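The values are calculated or read from the model by the stated rules, or taken from the named source; none is laboratory data. Note that the structure is a prediction, hence the values are computed from the model and not measured. Don't worry about glycine lacking a Cβ; one is built from the backbone with ideal geometry, like all the others, and counts go over all protein chains shown. Remember, those area values only see protein heavy atoms, side chains included, never the ligands or the DNA or RNA. Shrake-Rupley method; radii C 1.70, N 1.55, O 1.52, S 1.80 Å.
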Amino acid sequence: MSTNIKYFGLLAEITSCREESLGNSPSTVNELLELLFEKYPGLKEKDFRVAIDQQLVTEDARITGGEIALLPPFSGG
Amino acid sequence: MSTNIKYFGLLAEITSCREESLGNSPSTVNELLELLFEKYPGLKEKDFRVAIDQQLVTEDARITGGEIALLPPFSGG
Amino acid sequence: MNRYSRHIILSEIGPEGQKKLSAASVMVVGAGGLGCPALQYLVAAGVGTIGILDHDLVEESNLQRQILFGTSSLGTNKAVSAKKRLADLNPSITINAYPIQLQAQNALDILSGYDIILDGTDNFETRYLINDAALLLDKPVVFGAIYKFEGQVTVFNYKGGPSYRCLFATPPAGSSVANCSEVGVLGVLPGIIGCMQANEVIKMILGMEEVLSGKLLCYDARSAGTSFISIARNEDRIKQVFDERDSFVQNHSGSNYSCEPMEISVEDALKMEDVQFIDIREPGELPFIQLPECIQIPLGSLEQSISEINSEKNIVTFCRSGIRSKKAVSLLIENNITNCYSLKGGALALEPAIKSLIK
Amino acid sequence: MNRYSRHIILSEIGPEGQKKLSAASVMVVGAGGLGCPALQYLVAAGVGTIGILDHDLVEESNLQRQILFGTSSLGTNKAVSAKKRLADLNPSITINAYPIQLQAQNALDILSGYDIILDGTDNFETRYLINDAALLLDKPVVFGAIYKFEGQVTVFNYKGGPSYRCLFATPPAGSSVANCSEVGVLGVLPGIIGCMQANEVIKMILGMEEVLSGKLLCYDARSAGTSFISIARNEDRIKQVFDERDSFVQNHSGSNYSCEPMEISVEDALKMEDVQFIDIREPGELPFIQLPECIQIPLGSLEQSISEINSEKNIVTFCRSGIRSKKAVSLLIENNITNCYSLKGGALALEPAIKSLIK
């Protein structure tokens with residue numbers, strides 16, 4: 001099962017893509033973040049929330065497929 | 001298999017709903033239109049295009065599930 | 001370039017992108033609900049040359065959504081009034097006001113001078129006219145249209161993409177679609193849709209990917225939701241427009257455009273600001289008209305005297321009864337003086353109105 | 001009611017809906033990229049009372065997207081300048097300009113006078129301040145925020161829905177988020193997002209369903225696509241805001257608001273249009289200042305003399321060095337004269353500047 005991840009705002013600049021597919025899917029958000037922090041160390045310093053299938057989740061949430069989004073706060077106006 | 005239909009613009013005023021589910025699904029767009037014209041005679045006088053799963057189709061197109069949209073032209077500016 | 005620093009600092013735009021904006025020209029047809037917000041952001045973004053075409057005058061019922069105007073512009077031409085307001089927003093660009101109606105007879109001429117056309121009109125006739133002229137001229141059109149709480153946005157004729165006729169082959173029959181002013185509209189809706197149109201214009205100028213070509217965006221202000229419908233190019237319908245190229249001017253499909261230059265009533269003309277009357281009659285013709293803002297240039301010498309005319313003003317030409325002054329307007333427009341009107345009823349209508357003002 | 005005929009004709013609005021709009025009051029915090037377009041459509045729609053709060057002055061780099069301003073308003077306060085432009089768009093409503101900074105000390109007071117708050121600010125501090133004050137006051141906030149090509153819109157604190165702290169508990173650490181003016185922004189993006197915010201305000205006033213509460217709209221101008229993220233209410237975080245109610249003014253979380261009334265430099269004050277200087281020193285104090293637009297009201301009698309002050313003007317108070325004049329500004333604001341500044345450096349700074357002007 002592959003997992004699709006969307007990066008919003010400045011997170012997409014760190015990952016150099018707005019969307020990508022992870023081949024080996026981690027089973028919790030915590031595992032996913034570990035994996036992403038290794039791939040993109042710059043993500044570690046950023047604040048963001050994680051959503052699975054358009055629902056905000058906490059870090060211990062299980063990933064059972066669907067679309068994952070990483071959402072940082074915007075301040076601009 | 002039920003079919004979901006979205007009505008845009010003034011078509012939704014004729015059907016009195018922006019979206020509905022048809023229990024017994026017709027197999028072609030032509031059959032669907034016959035069914036809708038009977039249910040909503042006002043639709044007959046209107047120009048619109050039919051889309052299945054976000055793709056415009058002709059009246060002889062087969063319906064194999066998915067979301068159907070009835071799209072009239074807008075002129076306002 | 002401090003004005004554009006928030007654009008230039010973006011790596012996706014940069015100084016090169018800002019130069020592209022400055023070198024581009026965009027014609028906005030219709031300075032109404034859609035045209036007003038689109039114009040604001042195209043002007044602010046520094047698009048170098050902007051045309052504004054609209055023959056309507058500002059009415060009070062427009063002010064619920066046509067945010068370039070105000071009580072001070074009631075009764076003035078929309079294109080001219082919009083230009084005045086926008087010139088303060090960005091004096092470093094060129095804005096051309098066309099206070100005339102787009103017609104099969106002038107569409108190719110007028111639109112050929114611009115890179116991109118933004119369709120902010122409010123009727124099917126002009127929408128098909130714009131689409132067909134743009135196809136013949138090989139120019140992209142950013143289409144926007146609204147109905148009550150819903151809007152449609154897409155880009156036609158862009159890099160071999162579909163045209164309006166691929167979506168809806170012909171204008172609907174008259175009874176099938178209610179007029180916009182009859183059905184009403186949520187005022188902020190054209191703000192959202194007009195801004196989305198300006199966004200597509202800017203994306204094209206910057207050469208960005210993901211231009212909304214071949215996809216119709218359907219927006220609903222009630223849910224704030226968007227859906228996309230794919231539109232495929234229909235070669236037959238496009239070929240038909242080219243086949244009819246030669247007869248475009250003579251018999252544009254379903255054409256009911258008046259070929260008249262823009263007329264203005266005596267009442268409106270006398271209320272207009274920044275007005276310059278031109279009496280185009282031969283010397284000695286009656287009735288004699290005395291107005292402070294009036295000069296005499298007989299029709300026969302109008303073309304040689306173009307340089308004497310202040311094109312910043314709203315030009316109102318008049319003859320005895322309002323026939324010859326239409327020729328004068330056509331002649332002025334050919335000479336790029338676009339904000340001009342023919343006075344309805346001519347001097348015969350003007351004389352009693354002036355007398356009653358003096359009383 | 002001709003002005004609103006396009007609203008009234010809609011069965012979803014009608015004369016009742018238009019009356020609701022006219023009876024409503026909306027505070028727009030921030031007259032920048034988001035506030036400008038939102039204000040235009042709220043004013044045009046006939047929202048009866050509109051507050052505009054912004055302490056910034058118009059700079060040239062704002063004009064790429066802040067479309068209520070122009071070269072003629074450079075250097076003037078944004079709230080006051082926006083009010084002036086909007087008064088022409090719709091003279092039948094009340095517009096209050098607050099050329100001050102929203103602070104923990106004044107937020108509850110100022111926001112309590114309005115039904116709905118539109119957050120058009122450009123920094124996290126003020127966003128959390130607005131959210132917390134609105135929670136304490138039980139008022140909905142229409143949130144909008146932008147980053148380069150992307151925008152977020154949602155409604156907080158609406159009918160028991162989530163608040164900003166349910167989405168992001170606390171402001172990000174300083175280094176984590178770049179400042180908007182450092183990163184740049186596509187000019188038309190705040191146009192789209194600001195109009196979407198105005199749309200949510202109008203939907204709430206009209207009592208329409210599908211208000212964007214509990215859902216964050218994420219818009220991307222590159223794809224023109226929208227996605228929604230559901231936000232659940234977090235009772236713990238909301239309770240915490242109420243628990244800290246008493247200390248709200250003293251120690252607002254992470255507060256680094258200056259408590260200062262709005263100051264203006266001598267240079268900016270002398271460039272300002274429609275200005276009224278008030279010399280609040282005691283009679284006979286030196287240096288002696290002579291300015292055409294200056295009246296003398298000693299601080300001690302300022303409160304009794306409020307009626308003498310023309311609140312339509314931009315008020316600049318000054319004392320000898322700029323200390324006492326801050327008290328004067330606070331006093332004026334308490335008396336609902338909001339467009340007032342304290343002159344930095346006072347008469348000591350003003351005197352040489354006037355002399356160099358005369359030379």
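Can you give the accessible area per residue of the stretch D:1-80, in Å², using a 1.4 Å probe?
About 26 Å² of surface per residue is accessible.
Percent antiparallel among DSSP beta bridges with both residues in chain B, to the nearest 5?
Working: 12 of 16 bridges.
Bridges in chain B are about 75 percent antiparallel.
Using only Cα positions of the stretch D:1-128, each an equal point scatterer, no hydration layer, compute I(q)/I(0) via Debye at q = 0.12 Å⁻¹ and quote the log10 values to two decimals.
Once normalised to I(0) and log-transformed, intensities are -0.46.
Just to confirm my numbers, what's the Cα centroid distance between the stretch D:1-67 and the stretch C:140-172 in Å?
Value for the Cα centre distance between the two parts: 29 Å.
Just to be sure I understand: if you take the accessible area of chain D alone plus chain A alone and subtract the pair, with a 1.4 Å probe, what total do you get in Å², rounded to 100?
Between D and A, the summed buried area is about 2400 Å².
Would you please give the FRET efficiency between C:Ser321 and D:Asp88, computed as 1/(1 + (r/R0)^6) with r the Cβ-Cβ distance and R0 = 35 Å, to the nearest 0.05?
Between C:Ser321 and D:Asp88 the formula returns 0.40.
Go ahead and run the numbers for FRET between D:Glu285 and D:Leu108, Cβ-Cβ distance against an R0 of 25 Å, rounding to 0.05.
Efficiency, from the Cβ-Cβ distance: 0.10.
If you roll a 1.4 Å probe over the stretch C:263-358 with all protein chains in place, what percent of the accessible area is carbon or sulfur?
50
Give me the 1.4 Å probe accessible area per residue for the stretch C:263-358, excluding ligands and nucleic acids, in Å².
Numbers: 4870 Å² over 96 residues.
Counting only protein heavy atoms, the per-residue value for the stretch C:263-358 is 51 Å².
Taking every residue in C:34-43, how many Cβ atoms of other protein chains lie within 10 Å of its Cβ, on average? Please report the intermediate quantities before stating the final value.
Numbers: counts 2, 1, 2, 8, 2, 1, 9, 11, 2, 3.
If you average over the peptide's residues, the count of other-chain Cβ atoms is 4.
Can you list the residues of the stretch B:48-77 that have at least 30 square angstrom less accessible area with all protein chains present than in their chain by itself, probe 1.4 Å?
Checking the loss per residue gives B:Arg49, B:Gln54, B:Leu56, B:Leu71, B:Pro73, B:Phe74, B:Ser75, B:Gly76, B:Gly77.
Enumerate by residue number the GluC sites (Glu not before Pro) in the stretch D:1-89 meeting two conditions: DSSP loop (anything except H, G, I, E, B), and at most 15 other Cβ atoms within 10 Å of the site's Cβ.
D:Glu12
Once D and C are treated as a pair rather than alone, how much accessible area drops out, both sides summed, in Å² to 100, probe 1.4 Å?
Answer for the D-C pair: about 5500 Å² buried.
Share of antiparallel DSSP beta bridges in the protein assembly as shown, in percent to the nearest 5? Present the calculation step by step, with values, prior to reporting the outcome.
Numbers: 62 of 136 bridges.
Percentage antiparallel, nearest 5: 45.
How well do other chains shield peptide D:84-95, expressed as the mean number of their Cβ atoms within 10 Å of each residue Cβ?
For this peptide, the per-residue mean of nearby foreign Cβ atoms is 3.
Obtain the nm distance between the two label points defined at C:Ala169 and D:Ala23 by a simple spin-label model: each point lies 7 Å from its Cα along the Cα-to-C-beta direction.
My value for the distance between the label points is 5.3 nm.
Counting only protein heavy atoms, what percent of the accessible surface of chain A is carbon or sulfur at a 1.4 Å probe? The partial results should precede the final answer.
On the way: 1610 of 3610 Å².
With neighbouring chains kept in place, the figure for chain A is 45 percent.
At a probe radius of 1.4 Å, what is the per-residue accessible area of C:Glu210, in Å² to the nearest 10?
Surface accessible to solvent at C:Glu210 totals approximately 80 Å².
Work out the mean other chain Cβ neighbour count within 10 Å for the residues of D:191-203 and drop it here as an integer.
Shielding by partners across D:191-203 averages 6.
Counting only complete DSSP H runs, which helices of chain C cover 20 Å or more along their long axis at the Cα atoms and score a mean Kyte-Doolittle of 0.0 or above?
Qualifying helices: C:189-206.
Per the 1.4 Å probe, what fraction of the accessible area of the stretch D:13-141, in percent, lies on carbon and sulfur atoms?
Reported share for carbon and sulfur atoms: 46 percent.
For D:Lys326, go through the lysines and keep the ones whose alpha-carbon is under 21 Å away, minus same-chain ones fewer than eight residues off.
Correct list for D:Lys326: D:Lys78, D:Lys271, D:Lys313, D:Lys344.
Would you kindly give the portion of the calculated P(r) for the stretch C:30-81 that falls above 14 Å, as a percent of all Cα pairs?
The answer is 47 percent, as a whole percent.
For labels at C:Glu303 and A:Gln54 in the simple 7 Å Cα→Cβ model, what's the distance in nm?
6.4
At q = 0.12, 0.25 Å⁻¹, what base-10 log of I(q)/I(0) does the Debye formula yield for chain B when every alpha carbon is treated as an equal point scatterer in vacuo?
-0.29, -1.36
Antiparallel DSSP bridges in the stretch D:1-157: what percent, to the nearest 5?
In the stretch D:1-157, DSSP labels about 30 percent of beta bridges as antiparallel.
Report the label-to-label distance for D:Asp236 and D:Gln296 in nanometres (one decimal), using points 7 Å from each Cα along the Cα→Cβ vector.
6.4
Quick one: length gained pulling A:Cys17 to A:Lys39 fully straight, 0.36 nm per residue minus the C-alpha distance?
Separation in residues times 0.36 nm, less the Cα-Cα distance, equals 6.6 nm.
Expressed as a fraction of 2.2 N^0.38 Å, the rule-of-thumb size for a compact globular protein of N residues, what is the C-alpha radius of gyration of the stretch D:286-344?
Relative to the rule-of-thumb radius for its length, the stretch D:286-344 sits at 1.04.
By the gyration tensor of its Cα atoms, with a ≥ b ≥ c the square roots of the eigenvalues, what is the shape of the stretch D:217-359: rounded for a/c under 1.5, prolate for a/b over b/c, or oblate?
Values: a/c = 2.94, a/b = 1.92, b/c = 1.53.
Note, shape of the stretch D:217-359 comes out prolate.
If you take the C-alpha gyration tensor of the protein assembly as shown, multiply each eigenvalue by 5 and take the square root, what semi-axes do you get, largest first, in whole Å?
Computed over the protein assembly as shown, the values are 44, 42, 24 Å.
Note down the net charge around C:Gly214, summing +1 for each Lys or Arg and -1 for each Asp or Glu among other residues with Cβ under 12 Å from its Cβ.
Details: positive: C:Lys159, C:Lys215, C:Arg233; negative: C:Glu210.
For residues surrounding C:Gly214, the net value is +2.
Past the 18 Å Cα-Cα mark, which pairs from D:Lys19/D:Lys203; A:Lys44/D:Lys239; D:Lys159/D:Lys215? Write down the numbers at each step before the final one.
On the way: D:Lys19/D:Lys203 14 Å; A:Lys44/D:Lys239 29 Å; D:Lys159/D:Lys215 14 Å.
Cα-Cα > 18 Å for A:Lys44/D:Lys239; rest within.
In a Gaussian network model over chain C where Cα atoms closer than 10 Å are linked, find which of C:Met27, C:Met208, C:Met262 has the largest mean-square fluctuation.
Among C:Met27, C:Met208, C:Met262, the largest mean-square fluctuation in the Gaussian network model of chain C belongs to C:Met208.
Could you work out how much longer the chain between D:Ser265 and D:Lys359 gets when fully extended? Use 0.36 nm per residue separation minus the Cα distance between them, nm to one decimal.
Contour length minus the Cα-Cα distance gives 31.8 nm.
Quick one: label points 7 angstrom along Cα→Cβ at D:Glu16, distances to the other copies in nm, smallest first?
D:Glu16 label point versus its equivalents elsewhere: 5.9 nm.
Can you compute the FRET efficiency between C:Glu209 and C:Asp138 using 1/(1 + (r/R0)^6), with r the Cβ-Cβ distance and R0 = 22 Å? Round to the nearest 0.05.
E between C:Glu209 and C:Asp138, to the nearest 0.05, is 0.60.
May I ask for the angle, rounded to the nearest 10°, between helix A:29-39 and the longest principal axis of chain A, with both axes built from Cα atoms and the value confined to 0 to 90°?
The angle comes out at about 60 degrees.
Can you give the convex hull volume of the alpha carbon atoms of chain D per residue, in Å³?
Cα convex hull per residue, to the nearest whole number: 154 Å³.
Can you list, shortest first and in nm, the gaps between the label point of C:Leu348 and those of its counterparts in the other copies, using a point 7 Å from Cα in the C-beta direction?
Those separations, rounded to one decimal, come out as 7.9 nm.
In the stretch C:10-26, which residues become less accessible by 20 Å² or more once every protein chain is in place, relative to the chain on its own, using a 1.4 Å probe?
C:Leu10, C:Glu12
Could you identify the residue of D sitting closest to the D-C rotation axis by Cβ and state that distance rounded to whole angstrom?
In chain D, the Cβ lying nearest the symmetry axis toward C is D:Thr226, 2.
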